[in-house]
1. Please go through the stretch 165-196 and pick out each residue that is assigned to a loop (DSSP other than H, G, I, E, B) and either touching a Phe, Trp or Tyr at 6+ places or on another chain (Cβ under 7 Å) or aliphatic (A, V, I, L, M) (or both).
2. Report, by residue number, each residue of the stretch 9-26 that is part of a loop (DSSP other than H, G, I, E, B) and in contact with a Phe, Trp or Tyr (Cβ under 9 Å, 6 or more places away or on another chain).
3. Does at least one position in the stretch 293-316 carry a residue that is within 21 Å of Thr209 (Cα to Cα), part of a helix (DSSP H, G or I) and not hydrophobic (A, V, I, L, M, F, W, C)?
4. Does Glu32 satisfy the criteria of being on the phi < 0 side of the Ramachandran plot, in a loop (DSSP other than H, G, I, E, B) and surrounded by 14 or more Cβ atoms within 10 Å (Cβ to Cβ)?
5. Can you tell me which of (1) assigned to a helix (DSSP H, G or I); (2) over 19 Å from Val287 (Cβ atoms) is the one Gly247 doesn't meet?
6. Please work out which one of (1) over 24 Å from Phe20 (Cα atoms); (2) touching a residue at least 12 places away in the same chain (Cβ under 8 Å) is the condition Leu108 fails and give its number.
7. Filter the stretch 217-245 down to residues that are over 18 Å from Glu301 (Cα atoms) and of a type in the set (Gly, Ala, Ser) and give me whichever is farthest from the chain's Cα centre (by Cα).
8. Only one of (1) farther than 30 Å from Asp250 by Cβ; (2) surrounded by 23 or more Cβ atoms within 10 Å (Cβ to Cβ); (3) not acidic (Asp, Glu) is not met by Arg192, so which one is it?
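The values are calculated or read from the model by the stated rules, or taken from the named source; none is laboratory data. Not measured: the values here are computed from a predicted model. In this analysis, Cβ positions are derived from the backbone assuming ideal geometry, glycine residues included, and neighbour counts consider all displayed protein chains.
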Amino acid sequence: MNAPRKRPPMHVLLASPRGFCAGVDRAIQIVERAIERHGAPVYARHEIVHNRHVVEALEAKGAVFVEELDEIPDDGRPVVFSAHGVPKSVPAEARKRRLYFLDATCPLVSKVHRDAEKHHGAGRRMILIGHAGHPEVVGTLGQLPAGSILLVQSEADAETVEPDDREALAYITQTTLSVDDTASIVAILRRRFPDIRGPHRQDICYATTNRQEAVKAIAGRCDRMLVIGAGNSSNSVRLVEVARASGARDAVLIAGARDLGSMDLSGIATLGVTAGASAPEVLVEEVLEALGEDRELAIEEVEVTREDVRFKLPRDLSG
């Protein structure tokens with residue numbers, strides 16, 4: 001009888017919190033409940049969250065993803081707006097066509113929208129800190145008349161932005177940014193515009209902040225950090241950046257276990273693992289299972305805080 005193959009040891013630091021946030025969980029539930037209540041198909045404008053695993057699972061249940069409302073027939077089927085939020089023109093078009101729609105916008109993104117409207121109503125020029133083209137930024141820009149919001153993406157932008165009224169100013173931010181990078185940008189804006197108004201609490205959501213803090217707690221001990229998430233997921237990409245800035249020797253974004261096949265893990269004694277806010281826990285489990293096929297894993301979960309946030313479903317689906 002052959003002796004069992006000896007697997008080399010690997011220490012895995014598992015960041016906590018990780019994975020789904022309350023806004024993502026709510027958005028997925030809205031699509032699932034809509035299918036249960038109304039049957040298939042249920043349409044969703046854009047990816048409900050930025051993760052192909054989630055999208056494909058919802059497609060298998062009867063969700064149909066489209067880019068714009070004009071792809072949806074006038075047949076009375078429900079349409080769900082993604083967790084990232086949409087410009088005001090989108091629900092306006094849906095009402096004009098008498099479409100039945102459900103808004104899965106994360107409540108924390110909705111708060112940013114309300115703040116933008118409040119400051120605009122008070123006559124303040126708005127500055128939005130965020131990434132051009134991201135669906136959340138597109139949605140936030142679309143809450144106010146065109147040209148009402150100036151987009152600042154970097155410290156360099158913050159140093160050069162020139163609003164037409166330097167006194168009546170306010171800023172808001174995308175919810176999935178790097179906490180540290182955003183703080184640097186805000187510091188520049190406050191230096192240049194001392195009277196600028198901002199949110200009472202930072203717009204960056206609790207889940208983004210917590211996941212970044214969890215990565216910071218383990219990065220300095222890691223030969224490599226694996227961040228499980230999609231390439232178009234802002235919060236996942238930020239986790240890679242935070243890991244590198246916080247002392248990880250290397251940090252890589254992976255979609256899931258299949259990406260491990262082409263990865264050289266030789267020389268990696270301590271591996272960090274986390275997941276972006278739109279990545280389900282099953283992807284983490286699959287990565288650990290794949291790693292354990294060739295290595296003797298010693299898994300240490302490092303928890304920086306516990307999350308108990310829950311968001312209510314729309315009234316139409318909560319009964």
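1. Of the stretch 165-196, the ones assigned to a loop (DSSP other than H, G, I, E, B) are 165-168, 174-178, 193-196.
Matches in the stretch 165-196: Arg166, Ala168, Leu177, Ile196.
2. To start, the set of residues in the stretch 9-26 that are part of a loop (DSSP other than H, G, I, E, B) comprises 17-21.
Matches in the stretch 9-26: Cys21 only.
3. no
4. No.
5. The one condition Gly247 does not meet is (1).
6. Just one mismatch for Leu108, condition (1).
7. First, the residues of the stretch 217-245 that are over 18 Å from Glu301 (Cα atoms): 229-238, 240-242, 244-245.
This time we only want the ones that are of a type in the set (Gly, Ala, Ser), so: 229-231, 233-234, 236, 245.
Values: Gly229: 10, Ala230: 10, Gly231: 11, Ser233: 6, Ser234: 6, Ser236: 7, Ala245: 19 Å.
If we take residues in the stretch 217-245 being over 18 Å from Glu301 (Cα atoms) and of a type in the set (Gly, Ala, Ser), then Ala245 is farthest from the chain's Cα centre (by Cα).
8. Every condition holds for Arg192 apart from (2).
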